[in-house]
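Student: Before I ask anything, let me first share the structure, which is written out below as structure tokens.
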Amino acid sequence: MAQHQINYTQSGGLPVALTTVDKILNWGRSNSVWALTYGLACCAIEMMASGASRYDFDRFGTIFRASPRQADVMIVAGTLTKKHAEFIRRLYDQMTEPKWVISMGSCANTGGMFNTYATVQGCDRVIPVDLYLPGCAPRPETLQYAVMLLQQKIRKESANKSQKPKRLV
Amino acid sequence: MMRPYTPKDNVQAKAYYTDRFWVAPKIPEEAVPEEGLYAEDLAAVKAKCKVLNAYIQRGQLVIYINPEDNITALKTLIEERWYEMLSEMSAVDFLAERGGFEIFYQILNLNTARRIRVKCFVDEHQAIESVNPLYRSADWAEREMWDLLGVKVNNHPYLKRLIMPDDWEGHPLRKTYPLEGDEFAQWYEVDKIFGKEARDIIGPENRDPARVDRYDTERFARLGHEVPKGAPAEELKKIEEEGVVTPVHYQEEEGVFLVEKFNKAPKVLDKRK
């Protein structure tokens, strides 16, 4: 007696699923976007809230990692000071390809209200950014939506493309 | 007894046309009383070094001394009068008015809860002796004073910048330092990470919050109205005029390899059992 019923109306009657290499690689990548813990200022509170149980990033496969070598996405959450710019670049360089960057909040996007000598006027002066989130600070929903957009972006990319050297910034 | 009447008309509107750099009225200075703890404190300092000026302000004794006497005066106040705690010390920029800095030491006697402010004036390039051997809290305070105002401190154990990076040029808390930074500050991170030759590629900072950039619509979009990077102008216009909303798209909707969409509909009851 058969323990498992096979649905012959699907998948051409075969108990297999067909896909492409691109699709399965991007499926894996987009559903395990591990984020680097990168809280710099008050946006970090919202980032922490996004990771906690109410908004629950784990269900997207986004798990915060404390090491750049295990991370796929860097969420720049907060004000980037000029003193720190050197270190954000170093951590970005230590992340393994493929890697993405989400710039979270006004300060990381443009320097925000800190139009001063000590603040980097947008983290895209130092590292290449994929997604900019507006808000001061953005709600956890916004960050969630950004991760969903990033997943869509990853799924659109070709998985096995030759890795071009990234432009300077 | 009635308070003297001061006319208060035009108080609200006055803020709009008065000088932004309005000088605050001076807090009244009273003479040091003949007797009491402060008189004894002042006498103890006067016995050891020259006092230029002394008065009571907001109930606290202020003593002006020469900058060479700062160790002598503070040591006397610690050993003879038990002012053992340095609450705060820093300098005030008077370069434009008097060509120097006014250094103040706010000290506290924990037994009598009395405070004294010891002040001295140094010229722009004049160094002052470190009070770190007397007060441990002066360590970082003097480093901060050097970092942000550029007042040199002699015989400090580790005089290094406290807040700004070590290779910074200039002292940002001076009144002559521009808020948006000088050329060094504006290119600091670019020069340090990529080198000076990358300045042309990266371009100057956008310090104008009202500037509209050609790339704004490509790089920023309203939530729910996202457009792909480099979208043609017609597409942007269509989105603006017709309010086309980018649908929130869940990957489960199309059906994903190995993922079964969760369907809770069969479990919802129409009525209570």
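Student: I'd like to check something: does region B:17-38 contain any residue that is under 27 Å from B:N132 (Cα atoms), assigned by TED's automatic domain parsing to the domain that holds B:L134 and either basic (K, R) or surrounded by 10 or more Cβ atoms within 10 Å (Cβ to Cβ) (or both)?
Tutor: Within region B:17-38, one or more residues are under 27 Å from B:N132 (Cα atoms), assigned by TED's automatic domain parsing to the domain that holds B:L134 and either basic (K, R) or surrounded by 10 or more Cβ atoms within 10 Å (Cβ to Cβ) (or both).
Student: Now for a different question. Among the listed residues A:G111, A:G61, A:G105, identify the single one that is within 29 Å of B:T176 (Cα to Cα) and at pLDDT below 95.
Tutor: Of the residues listed, the single one that is within 29 Å of B:T176 (Cα to Cα) and at pLDDT below 95 is A:G111.
Student: Additional query: What pairs can you find where one residue is in region A:46-61 and over 14 Å from A:L133 (Cβ atoms), the other is surrounded by fewer than 16 Cβ atoms within 10 Å (Cβ to Cβ), and their Cβ atoms are less than 6 Å apart, with a gap of 6+ or different chains?
Tutor: Short answer, once both residue conditions are applied: A:G61/A:S32.
Student: Testing B:S130 on (1) small (G, A, S); (2) within 14 Å of chain A (Cβ to nearest Cβ); (3) touching a strand residue (DSSP E or B) at 6+ places or on another chain (Cβ under 9 Å), one condition comes back false. Which one is that?
Tutor: Going through the list (1) small (G, A, S); (2) within 14 Å of chain A (Cβ to nearest Cβ); (3) touching a strand residue (DSSP E or B) at 6+ places or on another chain (Cβ under 9 Å), B:S130 breaks only (2).
Student: Look at region B:108-123 and say how many of its residues are without any contact (Cβ under 8 Å) to a residue 40 or more places away in the chain and in contact with a Gly (Cβ under 9 Å, 6 or more places away or on another chain).
Tutor: Counting residues in region B:108-123 that are without any contact (Cβ under 8 Å) to a residue 40 or more places away in the chain and in contact with a Gly (Cβ under 9 Å, 6 or more places away or on another chain) gives 1.
Student: Suppose we filter region A:117-134 for residues that are facing chain B (nearest Cβ under 9 Å) and among the acidic types (D, E); how many remain?
Tutor: 1
Student: Counting residues that are among the small types (G, A, S), which strands (runs of 3 or more DSSP E) fully inside region B:1-108 reach at least 1?
Tutor: The qualifying strands (runs of 3 or more DSSP E) are B:51-57, B:85-94.
Student: Tell me, yes or no, whether region A:108-127 has at least one residue that is among the small types (G, A, S) and in a strand (DSSP E or B).
Tutor: no
Student: Of the residues that make up region A:130-137, is at least one over 18 Å from the mean Cα position of the chain (by Cα) and crowded, with 20+ Cβ neighbours inside 10 Å?
Tutor: No: region A:130-137 contains no residue that is over 18 Å from the mean Cα position of the chain (by Cα) and crowded, with 20+ Cβ neighbours inside 10 Å.
Student: Given the conditions (1) closer than 28 Å to B:A73 by Cβ; (2) without any contact (Cβ under 8 Å) to a residue 60 or more places away in the chain, and given that B:P172 satisfies all but one, which numbered condition is not satisfied?
Tutor: So the condition that B:P172 fails would be (1).
Student: So, in region B:67-107, how many residues would count as being without any contact (Cβ under 8 Å) to a residue 40 or more places away in the chain and β-branched (V, I, T)?
Tutor: 4
Student: Could you check B:Q106 against (1) over 17 Å from B:N132 (Cβ atoms); (2) surrounded by 15 or more Cβ atoms within 10 Å (Cβ to Cβ) and say which number it fails?
Tutor: All conditions are met except number (1).
Student: Go through B:L134, B:L149, B:L173 for me and flag whichever is hydrophobic (A, V, I, L, M, F, W, C) and outside the structural domain of B:T72 (by TED's automatic domain parsing).
Tutor: The match here is B:L173.
Student: Okay, moving on. Could you run through region A:136-158 and say how many residues are assigned to a helix (DSSP H, G or I) and within 10 Å of chain B (Cβ to nearest Cβ)?
Tutor: Here is the first cut: in region A:136-158, the residues assigned to a helix (DSSP H, G or I) are A:140-156.
Next, only the ones that are within 10 Å of chain B (Cβ to nearest Cβ) stay: A:141-142, A:145-146, A:148-149, A:151-153, A:155-156.
The qualifying residues number 11.
Student: Checking the conditions here, which among B:N66, B:N70, B:N10 is more than 26 Å from the chain's Cα centre (by Cα), at positive phi and not hydrophobic (A, V, I, L, M, F, W, C)?
Tutor: Testing whether each residue is more than 26 Å from the chain's Cα centre (by Cα), at positive phi and not hydrophobic (A, V, I, L, M, F, W, C) leaves just B:N10.
Student: Looking only at region A:83-105, which residues are buried (at least 21 other Cβ atoms within 10 Å of the Cβ) and over 15 Å from the mean Cα position of the chain (by Cα)?
Tutor: The answer is A:A85, A:I88.
Student: Please go through region B:179-208 and give me each residue that is more than 7 Å from chain A (Cβ to nearest Cβ), under 22 Å from the mean Cα position of the chain (by Cα) and not charged (D, E, K, R), ordered by number.
Tutor: Once the filter is applied, which keeps residues that are more than 7 Å from chain A (Cβ to nearest Cβ), under 22 Å from the mean Cα position of the chain (by Cα) and not charged (D, E, K, R), region B:179-208 yields B:F184, B:Q186, B:W187.
Student: Restricting to region A:80-102, what's the tally of residues that are at the interface with chain B (Cβ under 10 Å from one of its Cβ atoms) and farther than 22 Å from B:G195 by Cβ?
Tutor: 0
Student: For the list (1) surrounded by fewer than 19 Cβ atoms within 10 Å (Cβ to Cβ); (2) more than 25 Å from B:A54 (Cβ to Cβ), I need the number of the one condition that B:N132 fails.
Tutor: Here B:N132 clears every test but (1).
Student: Then there is this: Of everything in region A:118-152, what is at pLDDT 90 or above, of a type in the set (S, T, Y) and closer than 30 Å to B:P172 by Cβ? Give them in sequence order.
Tutor: Hit for region A:118-152 is A:T119, nothing else.
The values are calculated or read from the model by the stated rules, or taken from the named source; none is laboratory data. Since the model is a prediction, treat every value here as computed from it, not as a measurement. Cβ sites come from the backbone with ideal geometry, for glycine too, and all protein chains shown count toward neighbours.
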